[in-house]
Structures are given as C-alpha cells and as structure tokens.
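Peer 1: Before I ask anything, let me first share the structure, which is written out below as structure tokens.
Read-outs: derived from the displayed coordinates by stated rules, not from any lab. If you're wondering where the values come from, they're calculated on a predicted model, not measured in any experiment. We place every Cβ from the backbone using ideal geometry, glycine too, and count neighbours over all the protein chains shown.
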Amino acid sequence: MEKLEVFGANTLKGQVRISGSKNASLPILAATLLSDKKIHLSNLPNVKDIATMLLLLKSLDTKIEYIKNKKLVSIKNNKKNKKFVSYSLVKTMRAGILVLGPLLARYSKAKVSLPGGCAIGTRPIDIHLKALSKLGVIYKISKGYVHANAPKGLVGAKIKFPKISVGATENLIIAACLAKGKTILSNCAIEPEIKDLVNFLNKMGCKIKWIGKRTVKILGVKKLNEVNYKIMFDRIEAGTYLIAAAITKGKIKILGINPKIIKTEIDILKKIGAKIKLKNNNVFIQGNKKINSININTAPYPGFPTDLQAQMMVLLCKANKRSVISEKIFENRFMHVSELNRMGAKIKIKGNRAIIEGNTKFEGAELMATDLRASVSLILAALTSKNKSIINRIYHLDRGYEKIETKLKKIGAKIKRLA
Ligand code: UD1
C-alpha cells in the first residue's frame, strides 16, 4: 500500500495552480444522466472520486470519451440507461447517491445502493428520500438498496428542507429539472458548487432561478441541448494551500481561483495574522511569524467549511494561545485529532468542540490517514516538523487532491510517495 514520506520545517514558496472542483464535478457528472445530447466537461480534476463517478456512469451505459489527459470528457447517453447502481460503486464514494434524482427524473425508476456510514459520521440520506417522495417518488429500502419509482413520473412541488444539506439540494434540483410543472425548494444549501451545478443545468436548457437567498424555483422542461461546460475551481484545495503557506510562514501565490468565493477563509487567515493580497484570479499569501488564536464554527456556506476544519486545526496548533473549533456539520469529524496528538499537539475533544492549545512543535511520526481531509491535515503537520513522517493509507488523499506531491514539491516541500 502506498505511503507518503514527508520531511518538514522548510518554508513553502512559489505558485500553485488550483484544479477543478471535485465537489462541483460530482453532481454535474450525475446530472448528465438527464440528457441524451452530447456534453463536454472541462477542468475535471484527475482524482479517484471522479474516476469512480465515471465508472458508475459507464455501468449505467453512458458513453465516456477522455480527451486531453482526462481534463476534458465527452459524455453521451443513449435513449435508455441502466437504472441499477451497485454497492461496489457507492461504498467508497457517497456522492453515488446523486444519480438517484436524475435517474428518477428521466426514467421514473431506479435501484441505488445505500452509501452506508463513513469515517466522519453516519451520513444518512433521509432528507434526499423524503424530498423526492414529495415529487411523487415511492421508495422502499431493502437489503441495502433504495428501490424507487414514480408511477406518474415526477411532479413539481413546494419543498422545504428540514436541514441544510448539500447533497439533498443537488439531488432535488437535478430531479426537478424534468418534473412536470414548477418546483420550489427552500432552505437550500448554497455552496458555490451548487451554484456551479445550476449554471451547468441552465446552460443545458433547464429553467432554474434563485428567488431568495436559500430558495430556488425550477420549471420542468422536456428538451435539453448539447453543452460545453468548464467546472469551477476547487475552493477546498485552494484553502488547503493557503493554510500550508500560513503554517510554514511561506509566500505562495494561488492561481486560477475566484477570491470572492473564499472570502470567509481569507478573512479568517487575515485575523490569524497572514498577509493576503487579492488580484483578479489569484491570491498571494505570506505567513506571519506570530499566529493569532481564534475560535471557529464550521457552518454551511457562506460559513467556514467543515472540509477545511482539519487543516485549520493544524494551523491553530501553532497559534500563540488556546483556540476552539466547533464542528457543526458532522458529529464525528475529529478522527485526525488522535494522530495530531501523537505528533505533539495538545487537543481535547468535548462533544463537538475541539480545544486546541497553541505553541505546538510537531514531531514527525508514523501516521494513519482516516479520511480525505484528515489525510491532508497530517501532511500539513508533517511539513512543520524537522524529522521524518510516514503517512499510511493515502488512498483517502487520492480521492480528492490532484497531484498533491507534485504541487507541494514545486513549492519546496520535501515529500515523496513510497510504493
Ligand atoms: C457534501 C460534500 C462534503 C462536505 C459536506 C458539507 C460533496 C460530494 N460532499 O457532502 O465534502 O463535507 O457537503 O459541506 O459535495 N444529513 C442528514 N440526512 C440527509 C443528508 C444529510 O441528516 O439526508 C446530514 C449529514 O449527516 C450532515 C449534514 O446533514 O450532518 C450535512 O450533510 P450534507 O450537506 O448533505 O453533506 P454531503 O452532501 O454528504
């Protein structure tokens, strides 16, 4: 099994180009099932989760052609797709459940494996299912699968989500695009990736309009067009490299992003002491010697993203005083804490709060990655420690970070993949 070897304690300097967003690509790929017209997608990141989603689409008989080193993908569905998604395709990647909405919209029938739990919590799909039932879907869960059908096809409805959910908002927006009549969804997640999905769907001929901060109106359509679409940048990857600069007191220019989208993260990094300059599609960051402590709550967008919580925790271990992070999205997302404590951090967990003592000098160790963002937080800690760290189970990392060793090496990190 592959591992990473990291030697740290050097300042990162240079430029990093940010890849396309994994979390925008996944729902957009699922949404391609709505149409039998040609779809060209560019700026897809070359990461494992995208490869898994493409495999999943292939298993449904979608034709996929890679052009230009997997960065541009041409997708074409026949008049008919298969409607069955097996456990083997959903078990490593929960986003597989996003094909439920489009399959039901187009064929009124689908059998999709339940994603099951994962390292960061139980992650149910009850909100997706209850909302789909309001569009006319009847479902039962049996032997680990959702068996769903819509006897009269999907019919538009007014739905208020009981809780803000990124995946449920995406599934329902996609499903409503082909439903009869009008759907109004309120209490929606408004992550930038959802806005990207909506832009893609509208470009394809769907009729979706934001009519309130968290309310969206969708008029069902019958015909869709061919479409070329460029996926947005990965804001979590961008945030990770900004934190890497702050942690190593480095100077990094982050290229290919829209700074407005990551305003919350930029404001927090400024409060912590980093110097930041914004320019069109770039951000320049210079880490400060003194890192100020701060208290942070994770929250749905535009709040601080849970997907950057582990990385931010490593930075706060280096702060001048105690900080507190409250995890408000996933109850169990502190798997990285025990590994960080093994490296010398002093972090205590109380319920959904992590109390982080500052002034940590990380010491390299042999470590175990437990989920995607936890893995990268271990790299960040290892980058500040003089001795060697070995990080095991990096397949988690490969799910979502494109060419991470290459990008980090280019800005001066001593990092190597071991077979
Ligand atoms: C997405 C992101 C993930 C990110 C998360 C929160 C993708 C592929 N994944 O995950 O990286 O960490 O948003 O920003 O985009 N919930 C329920 N019932 C449901 C659905 C969700 O109780 O039916 C709960 C979850 O357990 C969690 C909260 O709602 O506590 C938010 O989850 P959700 O926004 O749905 O996350 P995902 O879409 O799975």
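Peer 1: If you average the C-alpha positions of segment 158-206 and of segment 258-321 separately, how far apart do those two centres end up, in angstrom?
Peer 2: 29 Å
Peer 1: Roughly what angle does helix 235-247 make with the longest principal axis of the chain, taking Cα atoms, 0 to 90 degrees, to the nearest 10?
Peer 2: So the helix axis and the longest Cα principal axis differ by about 0 degrees.
Peer 1: Using only Cα atoms and rounding to the nearest 10 degrees, what angle (0 to 90) does helix 166-176 make with the longest principal axis of the chain?
Peer 2: 20 degrees
Peer 1: Another question, then. Among the aspartates and glutamates, which have Cα under 20 Å from the Cα of residue 203 when same-chain residues fewer than 8 positions away are ignored?
Peer 2: Qualifying aspartates and glutamates at Cα under 20 Å: 36, 170, 191, 193, 226.
Peer 1: Still on this structure, I have one more. Residue by residue, what Karplus-based ³J(HN,Hα) values in Hz, rounded to whole numbers, does segment 91-108 have, using 6.51, -1.76 and 1.60 with θ = phi - 60° and x for Gly and Pro?
Peer 2: Computed from phi, the couplings for segment 91-108 are 4, 8, 8, 4, 5, x, 5, 5, 7, 4, x, x, 5, 5, 5, 8, 10, 6 Hz.
Peer 1: Against the longest principal axis of the chain, how steep is helix 372-382, in degrees 0 to 90 to the nearest 10, with axes from Cα atoms?
Peer 2: 10 degrees
Peer 1: Dimensions of segment 128-208 along principal axes (Cα, Å, largest first)?
Peer 2: Over segment 128-208, Cα extents along the principal axes are 35, 25, 20 Å.
Peer 1: While we're here: By count of other Cβ within 10 Å, fewest leading, how are 98, 378 ordered?
Peer 2: Ranked by crowding around the Cβ, least crowded first: 98, 378.
Peer 1: Can you spot the aspartates and glutamates whose alpha carbon is less than 15 Å from residue 409's alpha carbon? Ignore those fewer than 8 places along the same chain.
Peer 2: Qualifying aspartates and glutamates at Cα under 15 Å: 5.
Peer 1: Report for segment 22-230 the percent antiparallel among DSSP-assigned beta bridges with both residues inside it, nearest 5.
Peer 2: Taking every DSSP beta bridge within segment 22-230, about 75 percent pair in antiparallel fashion.
Peer 1: State to the nearest 20 debye the size of the charge dipole of the chain about its Cα centre, where the only charges are +1 on K and R beta carbons and -1 on D and E beta carbons.
Peer 2: Here the chain has a charge dipole of around 860 debye.
Peer 1: For segment 22-230, how big is Rg over Rh, using alpha carbon atoms and the Kirkwood form of Rh?
Peer 2: 0.93
Peer 1: Counting only helical runs of four or more DSSP H residues, what would the 222 nm mean residue ellipticity of the chain come to if each run contributes -39,500 (n - 2.57) and the total is spread over all its residues? Please report the intermediate quantities before stating the final value.
Peer 2: On the way: 14 runs with 127 residues, N = 419.
That comes out to -8500 deg cm²/dmol.
Peer 1: Please find, in a Gaussian network model of the chain (springs between Cα atoms separated by less than 10 Å), the residue of 97, 254, 67 whose mean-square fluctuation is greatest.
Peer 2: 67
Peer 1: Do any of 63/230; 91/207; 249/386; 13/260 go past 26 Å between their Cα atoms, and which?
Peer 2: Over 26 Å apart, Cα to Cα: 91/207.
Peer 1: A follow-up question, please. Within segment 11-47, list the trypsin sites (Lys or Arg not before Pro) lying in a DSSP loop whose Cβ has at most 16 other Cβ atoms in a 10 Å radius.
Peer 2: 37, 38
Peer 1: Would you work out the Kirkwood radius for the chain? I mean one over the mean of 1/r across all pairs of different Cα atoms, in Å. Could you put the intermediate results ahead of the total?
Peer 2: Working: mean 1/r = 0.0454 Å⁻¹.
After inverting the mean inverse Cα-Cα distance, the result is 22.0 Å.
Peer 1: Something else about it: Give a residue-ordered list of calculated ³J(HN,Hα) values for segment 289-302 (Karplus: 6.51 cos²θ - 1.76 cosθ + 1.60, θ = phi - 60°; whole Hz; x for Gly, Pro).
Peer 2: Along segment 289-302, the couplings run 4, 8, 10, 7, 6, 7, 9, 10, 10, 7, 7, x, 4, x Hz.
Peer 1: Quick check on segment 48-161: take the gyration tensor over C-alpha atoms, sort the square-rooted eigenvalues as a ≥ b ≥ c, and tell me if it's rounded (a/c under 1.5), prolate or oblate. Display every interim value, and only then the final one.
Peer 2: On the way: a/c = 1.92, a/b = 1.31, b/c = 1.47.
It is oblate, given that a/c is not under 1.5 and a/b is not larger than b/c.
Peer 1: Can you tell me what share of the DSSP beta bridges in segment 318-409 is antiparallel? A percent to the nearest 5 is fine.
Peer 2: 75 percent
Peer 1: Based on Cβ point charges of +1 for Lys and Arg and -1 for Asp and Glu, what charge dipole magnitude is obtained for segment 22-230 about its Cα centre, in debye rounded to the nearest 20?
Peer 2: 520 debye
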